[in-house]
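Working notes, structure below.
Values in this text are rule-based calculations from the coordinates and carry no lab data. Model, not experiment: these values are computed from the prediction. Glycine also receives a Cβ, built like all others from the backbone with ideal geometry; neighbour counts cover every protein chain displayed.
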């Protein structure tokens, strides 16, 4: 059985002519892109291709990575648009009340009174706290701040999040 893979970034472009890729980070873990770490490059409907990070730097808010054995732009052009993933064995143990994105996305959101709000479709990380975006069956998405006053309970096994909506949250 193949090990599950989890997205940590997306290659959005090449950078320069020496084989660097510009990556949009989809992880809170700073150490994911350390030199020597392995990642899997995934192109739609193709088998994962393993790479090892040879160089990493941050430039204008994006991670720039270079992989071992890829030293010019022509080597990495096919990677443009690919996702970068890690294996399940590379996941880090989390503290209490910390969750991986894949554990939260897809959860049903309900109020403490039992009213169904919608399903979490993405997570935004704009600043001090994450914001969980819940898609309603009808109407616009609900933006739920991940703070203890709002998010009362997260049950990843049941894929259910219970919230106490702040005033105006569901308007």
* Asked: Computed FRET efficiency, Cβ-Cβ of residue 138 and residue 164, R0 25 Å: what is it to the nearest 0.05?
  -> 0.65
* Multiply the residue separation of residue 129 and residue 105 by 0.36 nm, subtract the distance between their alpha-carbon atoms, and state the gained length in nm to one decimal. => 7.0 nm
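If packing is taken as the mean number of other Cβ atoms within 10 Å per residue, what is the order of 88-94, 113-119, 56-62, 5-11, highest first?
On the way: 88-94: 10.3, 113-119: 13.4, 56-62: 11.9, 5-11: 19.0.
Output ranking for 88-94, 113-119, 56-62, 5-11: 5-11, 113-119, 56-62, 88-94.
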* Mean Cα-pair separation over length for the range 5-90, i.e. relative contact order, pairs under 8 Å, 6 or more apart, % -> 42
* Over the range 5-90 - Rg/Rh using Cα atoms and the Kirkwood inverse-distance radius -> 0.92
* Roughly speaking, what is the stretch gain from residue 44 to residue 18, that is 0.36 nm per residue apart minus the C-alpha to C-alpha distance, in nm to one decimal? -> 6.9 nm
* Which residues in the range 68-100 have a backbone N closer than 17 Å to a point placed 7 Å from the Cα of residue 37 along the Cα-to-Cβ line? -> 68, 83-95, 99-100
* Structure fact -> Check: C-alpha center the range 21-84 vs C-alpha center the range 115-141, spacing in Å is 28
* Would you please put 76-86, 130-140 in order of how densely packed they are, using the mean number of other Cβ atoms within 10 angstrom per residue and starting with the highest? => 76-86, 130-140
* **Rg ratio (alpha-carbon, reference 2.2 N^0.38 Å) - the chain** => 1.20
